[in-house]
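**Student:** Below is one structure. I have some questions about it.
The values are calculated or read from the model by the stated rules, or taken from the named source; none is laboratory data. Please read these numbers as outputs of a predicted model, since none were measured by experiment. Here Cβ is always computed from backbone atoms with ideal geometry, including for glycine, and neighbour counts include all displayed protein chains. Side chains included, ligands, DNA and RNA excluded: accessible areas come from the protein's heavy atoms. Shrake-Rupley method; radii C 1.70, N 1.55, O 1.52, S 1.80 Å.
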Amino acid sequence: MTRGIALVRRPGDRLTDGLVTHIARSDVDVARARRQHEAYRAALAEAGWEVREVAPADDCPDAVFVEDTVVVCDDLAVLTRPGAPQRRPEIAGTEKTVREAGLEVVRVEAPGTLDGGDVLQVGTTVYVGLGGRTDEEGVAQLGARLATRGRTVVPVPLRAVLHLKSAVTALPDGTLLALPELFDAAALGQPVRAVDEEAGCHVVPLGDDLVLLAASAPRTAALVAELGFTPVVVDISEYEKLEGCVTCLSVLIPRG
Ligand SMILES: CN(C)C(=N)NCCC[C@H](N)C(=O)O
């Protein structure tokens, strides 16, 4: 029995044209990115997830960052309306896959914008980054949709960072790992544990004590182990060149 479904989308040939907002552009090695994606998928499978692929959207260079296209909460899939207009065609493939997975499907409607990378779910609280990609209308719409599942949305203003989950994510026990200078940390209403590596604030709980994180955060991997969890380390250097992180490359749908 698997833990549930992990949605992923393979990188396309145009990956190197992906958006870059807060860092300098550097060349992406697409062949290496494909190998890293294969290893990422293998890590999810090894951790007990059924890896299910969303159809490629090769005209969209950022389509591999599938997290931004949908927010899954229990049996509900909220299709997003990405803040970057060129990413909106990515939604169709995700919609097909979440429908096939049997989820109820709703969406963020215009003029609201919301990227999945701005949505951090911790228990029944859903923190949503307000910044370059997600606006107040998007937050309000998400709040209304997730209220049907007993969730409370808390807006969190961002500073110079792409997404909320570029700056803070949670360990399985709810401990928030963060770079607090990148956002209004007081808005979370709970303390964070500051990390000293940029990629250290990007973790994905994979079930039980397993925690996925990037090879570029070795000190945080050691911290995660000290705290009693088991780090699962993947090299995603080619995606980091496009402001991607371990969270962005999948959407986990735990078995109901
Ligand atoms: C948590 N993060 C960072 C994400 N969910 N998405 C990253 C998207 C990166 C892409 N180049 C873009 O700019 O859209």
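**Student:** Can you tell me which of 31, 63, 55 is assigned to a helix (DSSP H, G or I) and either at positive phi or of a type in the set (A, V, I, L, M) (or both)?
**Tutor:** None of the other options fit; the residue is 31.
**Student:** Which condition does residue 201 not pass, out of (1) more than 13 Å from the ligand (Cβ to nearest atom); (2) farther than 24 Å from residue 38 by Cβ; (3) open to solvent by less than 40 Å² (accessible area, probe 1.4 Å), if it passes all the others?
**Tutor:** It fails just one condition, (1).
**Student:** Which residues, taken from region 44-69, are in contact with a strand residue (DSSP E or B) (Cβ under 9 Å, 6 or more places away or on another chain) and more than 11 Å from the ligand (Cβ to nearest atom)?
**Tutor:** Of everything in region 44-69, those that are in contact with a strand residue (DSSP E or B) (Cβ under 9 Å, 6 or more places away or on another chain) and more than 11 Å from the ligand (Cβ to nearest atom) turn out to be 44, 45, 46, 47, 48, 49, 50, 51, 52, 53, 54.
**Student:** Could you pull out the residue among 74, 118 that is more than 16 Å from the ligand (Cβ to nearest atom), of a type in the set (D, E, K, R) and surrounded by 14 or more Cβ atoms within 10 Å (Cβ to Cβ)?
**Tutor:** 74
**Student:** Quick one: would you say residue 62 is open to solvent by 20 Å² or more (accessible area, probe 1.4 Å) and not hydrophobic (A, V, I, L, M, F, W, C)?
**Tutor:** No.
**Student:** Hey, could you check region 77-115 for residues that are open to solvent by 40 Å² or more (accessible area, probe 1.4 Å) and within 16 Å of the ligand (Cβ to nearest atom) and say which is nearest to residue 140 (Cα to Cα)?
**Tutor:** It comes out as 81.
**Student:** In this structure, does residue 140 turn out to be surrounded by fewer than 17 Cβ atoms within 10 Å (Cβ to Cβ) and touching a helix residue (DSSP H, G or I) at 6+ places or on another chain (Cβ under 7 Å)?
**Tutor:** No; evaluated as a whole, the condition is false for this residue.
**Student:** Filter region 156-169 for residues that are crowded, with 21+ Cβ neighbours inside 10 Å and either of a type in the set (Val, Ile, Thr) or over 9 Å from residue 132 (Cα atoms) (or both); which is farthest from the ligand (Cβ to nearest atom)?
**Tutor:** Of everything passing the filter in region 156-169, 156 is farthest from the ligand (Cβ to nearest atom).
**Student:** Under the condition of being part of a helix (DSSP H, G or I), in contact (Cβ under 8 Å) with a residue 40 or more places away in the chain and closer than 18 Å to residue 54 by Cβ, which residue from region 91-126 is nearest to the chain's Cα centre (by Cα)?
**Tutor:** Here the answer is 117.
**Student:** Which of (1) free of Cβ contacts under 8 Å to residues at least 60 places away in the same chain; (2) surrounded by fewer than 20 Cβ atoms within 10 Å (Cβ to Cβ); (3) of a type outside the set (Lys, Arg) does residue 235 not meet, given it meets every other one?
**Tutor:** (1)
**Student:** I would also like to ask the following. So, in region 10-38, exactly how many residues are away from the ligand (no atom under 13 Å from the Cβ), open to solvent by 80 Å² or more (accessible area, probe 1.4 Å) and farther than 15 Å from residue 63 by Cα?
**Tutor:** Of the residues in that region, 5 qualify.
**Student:** Of all the residues that make up region 121-136, how many are open to solvent by 10 Å² or more (accessible area, probe 1.4 Å) and within 12 Å of the ligand (Cβ to nearest atom)?
**Tutor:** Total meeting the criteria: 3.
**Student:** Give region 32-57 a look and list any residue that's touching a helix residue (DSSP H, G or I) at 6+ places or on another chain (Cβ under 9 Å), of a type in the set (A, V, I, L, M, F, W, C) and over 11 Å from residue 8 (Cβ atoms), or say none.
**Tutor:** 33, 55, 57
**Student:** Go through region 206-256 and tell me which strands (runs of 3 or more DSSP E), entirely inside it, have 3 or more residues that are among the hydroxyl-bearing types (Ser, Thr, Tyr).
**Tutor:** none
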